[in-house]
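Q: I have a structure I would like to understand better, so I am pasting it below and will then ask my questions one at a time.
The values are calculated or read from the model by the stated rules, or taken from the named source; none is laboratory data. Since this is a predicted model, take the numbers as computed values, not measurements. For neighbour counting, all protein chains shown are included, and Cβ atoms are generated from backbone atoms with ideal geometry for every residue, glycine included.
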Amino acid sequence: MDRKESYLSVIGAHYVPDIVLDFLPRIFEAYKIRDYKSKNFQVSACENTLSTAGLLLSVASIESYANRIFRFEEKRGPVPEKISEIFWSKNNNFPKEDFERLLCEVYILRDVIVHNHIYDISTAVDRESWEIKHLDETLVIGKGEKDKKFKECVDCAAKKTKLLKLHVQPLKIGFEDLFTVLFVFDTFVRLSQSMLSDSHVPFRLYCKIGKTTESSLSRLLASYYRQITNEEYLKALESLLTELRGKYAHFLVSPYDDAFINNICPRPNCGKIGFHTILRGNTCAACGLSIGRPLAQNA
């Protein structure tokens, strides 16, 4: 008798672990040498090109997994709206409007890149220091305030989304935007596994770090987080993560509570982000708490 099997054609499942994380080190190297305090209208070509590619692939992975969920749950519709509705249907305390807004901002950034929103950019540069003293950026092709979703989610003056602070001026998109979207992806994956099942979103990570194989996206993200030196971004990120942890952490159940928004120091009155990392093991950068033996630097 023939053995019968069935499969679902989800092609985006490996985009993040096999492609995006593969060139994340190159993006970070370009990002580290950037002058965070100077006024500018673009990041380096390397950081921008690889970051925008990584963002598109990350959102494609969300959409691929969303379609897999739709197949199991027999639902259809816009991903931000329908995924949030599905989570809410499993637990009526789930903040579906907030999560829909979160995903909407990610999808707006996807549209900015895919449709290459065009800005007219003019600058006034100091002839002695070569610093930009005045910068004007005007959207001429692409969604703007006339689009309802764009207006709801984007601060058009700052040219950033209102919650996640993602750049919508394409030339400014870089590592920080990709890092933010990756922890949103991580949150989406862990919520899907917790509220639905591992079969709905069978995300697997096998990332080679030296001689060590890492299986936790949370620990990988924390390892990058601990190396970020842009204080302005870190302050905004910590505030955002605290807000998201308050909204979604109690919907994450073991073993799927290993999410970046939960990756904090367990010591009372500390709660520093990035406690569980790869090379430093389980140590707090703020209070010094250490649990277990840190991994060797050349592990």
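Q: State yes or no: is Ser197 in a helix (DSSP H, G or I) and either over 23 Å from Glu232 (Cα atoms) or touching a Lys or Arg at 6+ places or on another chain (Cβ under 7 Å) (or both)?
A: When the stated conditions are applied, Ser197 does not pass them.
Q: On to the next question. Looking at region 184-198, is at least one residue modelled with pLDDT under 95 and within 22 Å of Glu81 (Cβ to Cβ)?
A: Scanning region 184-198, I find at least one residue that is modelled with pLDDT under 95 and within 22 Å of Glu81 (Cβ to Cβ), so the answer is yes.
Q: Would you mention how many residues in region 276-288 are touching a residue at least 24 places away in the same chain (Cβ under 8 Å) and either touching a strand residue (DSSP E or B) at 6+ places or on another chain (Cβ under 6 Å) or of a type in the set (Lys, Arg) (or both)?
A: Here the count works out to 3.
Q: Looking at Val201, is it modelled with pLDDT under 95, surrounded by fewer than 16 Cβ atoms within 10 Å (Cβ to Cβ) and among the hydrophobic types (A, V, I, L, M, F, W, C)?
A: Spelling it out, it is not the case that Val201 is modelled with pLDDT under 95, surrounded by fewer than 16 Cβ atoms within 10 Å (Cβ to Cβ) and among the hydrophobic types (A, V, I, L, M, F, W, C).
Q: Are any residues in region 83-116 surrounded by fewer than 19 Cβ atoms within 10 Å (Cβ to Cβ) and in contact with a Gly (Cβ under 9 Å, 6 or more places away or on another chain), and if so, which ones?
A: Residues satisfying the conditions are Glu85, Asp111, His115, Asn116.
Q: Next question. Here is a list of conditions, (1) touching a helix residue (DSSP H, G or I) at 6+ places or on another chain (Cβ under 6 Å); (2) without any contact (Cβ under 8 Å) to a residue 12 or more places away in the chain, and Leu103 meets all of them except one; can you say which number that is?
A: Every listed condition holds for Leu103 apart from (2).
Q: Being assigned to a helix (DSSP H, G or I) and modelled with pLDDT under 95 is the requirement here; does Glu176 meet it?
A: no
Q: Let me ask something additional. Just to verify a result, which residue in region 247-271, among those that are within 19 Å of the chain's Cα centre (by Cα) and without any contact (Cβ under 8 Å) to a residue 40 or more places away in the chain, is farthest from Gln193 (Cα to Cα)?
A: Ile264
Q: Determine which member of the set Glu238, Glu214 is among the charged types (D, E, K, R), closer than 27 Å to Ala13 by Cα, within 21 Å of the chain's Cα centre (by Cα) and surrounded by 13 or more Cβ atoms within 10 Å (Cβ to Cβ).
A: Glu214 is the lone residue from the list that is among the charged types (D, E, K, R), closer than 27 Å to Ala13 by Cα, within 21 Å of the chain's Cα centre (by Cα) and surrounded by 13 or more Cβ atoms within 10 Å (Cβ to Cβ).
Q: Something else: Being among the hydrophobic types (A, V, I, L, M, F, W, C) and not in a helix (DSSP H, G or I) is the filter here; which residues of region 15-53 pass it?
A: Residues satisfying the conditions are Ile33, Phe41, Val43.
Q: Any residue in region 218-228 that is touching a strand residue (DSSP E or B) at 6+ places or on another chain (Cβ under 8 Å), crowded, with 18+ Cβ neighbours inside 10 Å, aliphatic (A, V, I, L, M) and at pLDDT 95 or above?
A: No, because not a single residue in region 218-228 is touching a strand residue (DSSP E or B) at 6+ places or on another chain (Cβ under 8 Å), crowded, with 18+ Cβ neighbours inside 10 Å, aliphatic (A, V, I, L, M) and at pLDDT 95 or above.
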